[in-house]
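What follows is a set of notes on a single structure, which appears directly below.
The values are calculated or read from the model by the stated rules, or taken from the named source; none is laboratory data. As the structure is a prediction and not an experimental result, all values here were calculated from the model. Positions of Cβ are backbone-derived with ideal geometry, glycine not excepted, and every protein chain shown enters the neighbour counts. Ligands, DNA and RNA are excluded from the accessible area calculation, which covers all protein heavy atoms including side chains. Shrake-Rupley method; radii C 1.70, N 1.55, O 1.52, S 1.80 Å.
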Amino acid sequence: MDEYDYSDDPSTTSGEDSSQPVGLETDVAVAPGRAKLVKRWLKDINDSRKHHEAAFKRMKKCQQLATFGADEKWCADEERYTVPILNRHINQVVANLYAKNPTAVVKRKRRLMFQIWDGRAETLILALQNAAMGDIQSAMVVQEVEAVVQYKRMLDKLSKTLELLWDYYTSEQAFDFKKQLKALVRRTKVNGVGYIKMAYQRLLEPRPEIAAQISDVTSQITTIQCLMNEANSGEFDSESARLEELRLLLKTLESEGQVITREGPVFDFPRSEEIIVDKRCRHLKTLAGAQWIAHEFEMTPEEIKEVYKVDVRKSYTKYSDDPSGSQMAFEFVEQQETKPNCARVYEVQDKKRGQVFTVCEGYPDFLKEPAAPDIKLERFFTVFPLVFNECENEKEIYPPSDVWQARHVQAEYNRSREGLREHRLAARPYYVASHGKLEEEDKKRLAGHAAHEIIEVNALAQGETIDKVLQAGPTAPIDPNLYEVESLFVDMLRTVGAQEANLGEPGDSTATASSIAENSRLASMSDNVDDLDDFLTDLAKALGHVMLQELDRETVIEIAGPGAVWPTTPLSREEVAKDLLLEIKAGSSGRPNQAVELANMERGMPFLTMLPGVTPTPIARKYLTLLDIDVEDAITEGLPSIVAMNQMAGRSAQAGGDPQRDPNQQGGRGGQNTPSTQMDEPQPQPAFPAPQPQMA
């Protein structure tokens with residue numbers, strides 16, 4: 001067997017990682033060709049990591065700036081003045097971009113369903129009449145229309161089932177989906193890119209991702225199986241901690257009256273640096289050009305054995321389990337020797353060959369054999385990148401983040417405030433006296449005297465005044481223009497769209513200027529909203545495809561209810577998938593600008609109510625959403641308006657059986673003949689203030 005060559009591994013030669021090979025002399029029997037294949041894959045992964053090394057380092061610097069408001073060198077002195085404006089900017093942007101869980105809706109794809117009927121209402125009416133008279137051609141038209149209507153009704157019910165399944169599986173994650181997705185948006189704003197990875201958790205099948213799991217006993221049972229295998233093989237004695245751990249786990253499992261095991265789609269949220277993209281990738285958002293991607297895990301040999309049932313302790317590359325790489329994290333250097341050693345595990349998705357496998361740095365064999373992926377998507381990759389600030393660069397696919405673009409503004413702000421602080425300290429009053437003129441006791445009295453204290457000075461001769469002995473020293477006056485920060489906010493606005501009013505109390509800017517700047521910021525924000533909606537829609541499409549592939553009818557009925565509709569065969573599911581599209585409702589995850597949107601509704605409502613052919617239900621849904629009223633509870637199809645129902649109830653009460661009191665006999669307006677005291681005057685709206693009374 002060829003010995004594993006570590007010279008091609010940049011992680012072992014880089015000064016940042018203190019990795020070392022363990023157990024090169026191994027008894028692992030691996031075919032030479034197989035070992036060479038694993039070695040080649042590890043080399044490709046490390047080459048791509050080195051290719052993106054500059055972007056990964058930039059992400060680390062951005063994380064430092066976003067967290068502490070300055071780089072490590074500046075933060076090393078805790079007394080330096082720091083104003084973390086980037087932290088506030090990121091929090092505000094995230095609050096606007098992702099305020100609530102996205103709403104998933106299922107839409108029918110537009111298809112030509114009718115072969116015989118021409119789609120005109122008059123043709124259908126004529127066909128109904130002729131079919132009743134026995135015309136065969138007309139009967140075929142009627143049958144086709146009835147079949148299509150029944151099929152669309154089935155699709156509508158199936159659509160509701162898919163929406164319920166989306167809500168269920170996004171809420172069943174081991175870690176809260178909303179919080180994780182909000183952290184993903186924040187990660188993207190800081191690093192420039194964030195990822196969601198979709199997987200499928202099967203019964204009692206462990207996964208290496210911590211976040212990608214549904215809460216059940218899978219991890220407990222996996223740990224018990226691993227410990228029992230070690231105990232049976234005699235790897236630990238009767239007094240070891242591992243044996244005690246096994247005993248306690250068995251006791252816990254036996255004490256539970258009911259064991260819950262579940263399966264279904266799950267989501268993982270890897271760090272930006274943990275996804276290594278093929279260096280041939282040309283477009284990060286779509287992963288166009290990438291033949292493979294790798295998901296990196298740092299796992300201990302014990303964790304690898306639990307998940308993959310492979311013992312790598314005799315041959316793996318050892319790394320420290322502290323991935324931060326930050327100097328601020330090395331305050332307890334002497335404790336690092338007691339930390340467990342981790343191995344780097346890579347789950348590779350090879351699109352070119354249609355395979356997924358797992359390898360470990362330093363281990364000559366596969367941890368998981370190359371095989372077809374667990375879930376099949378048209379895009380193949382189950383990793384979905386979220387990218388903001390996208391730009392075109394042939395040499396760099398990772399875009400700069402908001403933090404990176406505004407790093408100089410943050411640094412200059414800190415330097416300006418620190419310079420003002422130093423100047424103020426240097427400009428404090430001080431006094432000058434001739435050397436030896438004042439005694440030490442006189443100096444102490446003059447420097448630390450109390451208010452209105454009478455001080456006796458020994459150095460004054462008879463008739464000599466204090467100004468002859470002691471004089472105020474000259475100081476450099478503070479010029480506010482040297483330390484002004486208003487121009488920095490102008491740069492901030494032009495760089496990332498945040499203005500002074502968003503980060504704190506505005507300065508001397510006029511209301512018009514602030515309004516124009518805010519409109520510019522909202523325009524820039526809407527671009528990010530579109531990116532987020534597209535990203536979530538791609539995720540929802542893939543999730544709908546996976547659910548149609550993997551879930552059986554019994555599981556769906558258990559989750560969505562006995563009225564749920566679900567295809568019974570994979571073939572029928574494929575046919576249904578061609579007609580349905582699970583996507584995210586546009587803008588449903590962000591925080592709407594209610595003042596502006598309500599103003600637009602009020603301006604357009606009088607015209608919409610007069611236009612022929614306008615359906616009121618979508619208008620009502622939009623209006624209720626802006627008013628934070630639950631749409632599903634508020635709208636009932638076919639129900640008259642509240643005003644109409646009140647009028648009908650009032651007419652019944654007013655008539656009382658007397659024809660003379662019947663509103664229908666009171667003219668064209670009925671009960672509306674009496675002038676109303678309510679005045680529908682226009683209310684003040686953004687950018688459209690209410691009319692003011694003119695001076696005579």
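Miscellaneous remarks
- With R₀ set to 30 Å, the beta-carbon distance separating Q462 from E440 gives a calculated FRET efficiency near 0.85.
- Simple spin-label estimate for C391 and R424 in nanometres, 7 Å along Cα-Cβ: 3.6 nm
- Rolling a 1.4 Å probe over the protein heavy atoms of region 129-196, with every protein chain left in place, gives an accessible area that is 53 percent carbon and sulfur.
- Per residue, region 51-136 exposes 64 Å² of solvent-accessible protein surface, assessed with a 1.4 angstrom probe and all protein chains in place.
- Given their separation in residues at 0.36 nm each and the Cα-Cα distance between them, H452 and K376 gain 18.8 nm when the chain is fully extended.
- Length gained on full extension, Q355 to K109: 85.5 nm, using 0.36 nm per residue less the C-alpha separation.
- Relative contact order for region 389-480: 33 percent, from Cα pairs under 8 Å spaced at least 6 residues apart, divided by residue count.
- Listed residue pairs exceeding 21 Å between alpha carbons, taken from K39/K351; K351/K541; K57/K279; K39/K61: K39/K61
- Note on region 70-157: the alpha carbon radius of gyration divided by the globular reference 2.2 N^0.38 Å gives 2.60.
- Taking a straight Cα-Cα cut-off under 20 Å and skipping sequence neighbours fewer than 8 places away in the same chain, the lysines within cross-link reach of K443 are K468.
- Rolling a 1.4 Å probe over the protein heavy atoms leaves M610 with an accessible area of roughly 140 Å².
- Spin-label model distance (nm) - M648 vs T609, 7 Å beyond Cα toward Cβ: 1.9 nm
- E369/A121 FRET efficiency (R0 60 Å; Cβ-Cβ; nearest 0.05): 0.50
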